[in-house]
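Below is one structure, written out as structure tokens; the observations come after it.
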Amino acid sequence: MLLGGLRIDSPASAQPAIAIGSFPRANKVRGGTMLEKLFNDDSCQRLLAGPMGPHLEALSSKLAELGYCDSQARKLVCTAAALGHWLADRGLTPAEAGPAELKTYIEAQKRMPSGRLGDGAVGFSRLPTLLKAEGVLCRPSPETPADPCLLRFSAYLANVRGVTRAGMGRARARAGLTAPPATSSSARVVTRSNLPGGTVNSLITAFASVR
């Protein structure tokens, strides 16, 4: 299936290939939903029938609320629809997608000679925020063995060393690590004995650089 100018592998029983031109703008401003004001009736039906369909009206309304022009709003809606089909082809619903799936999707998209992403990825990075209220594209990443240690280290930085959130973020970035924010002032202080050696060295070096 072609959606948003990108090829999306679909099962043989799926609808015929469709391109971005298959989602033309509405011929005139009509009453009804925001989605109907962006696309004609046939296009709306096809979009709503897709995996992301239940969330596209909310997305269209949000884009209008934020002041997006119609042409840009159409591109973002098509990007969301393309992502929905990509997830479905991998046995996932939009509610089951999180940062890992979104990263895989965007890495798989072809770029134009200029380096810009094609139509099927326009506004992609904004979709998780735009659709957050819908409860999609925001599944938390699975916890790794290092996460509890990093959580305790965040608490140590905040409660013992007085490091701000911005400073902690810079330290984690320099160490090449991602840590959840400290959620409790009672978190146990981290020591060398309960952090892997490589992680300790990375964090100490990173922290020293932002003091």
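Only the coordinates and a few stated rules stand behind these numbers; no lab work does. Since the structure is predicted, the reported quantities are computational estimates derived from the model, not experimental observations. As a convention, Cβ positions derive from the backbone with ideal geometry for all residues, glycine included, and neighbour counts pool all protein chains shown.
Would you pick out the residues in segment 45-63 that are of a type in the set (A, V, I, L, M, F, W, C) and either over 14 Å from K75 (Cα atoms) or assigned to a loop (DSSP other than H, G, I, E, B) (or both)?
Within segment 45-63, L48, A49, M52, A58 meet the criteria.
Considering only segment 119-163, state which residues are touching a residue at least 12 places away in the same chain (Cβ under 8 Å) and at positive phi.
G123, G135, L137
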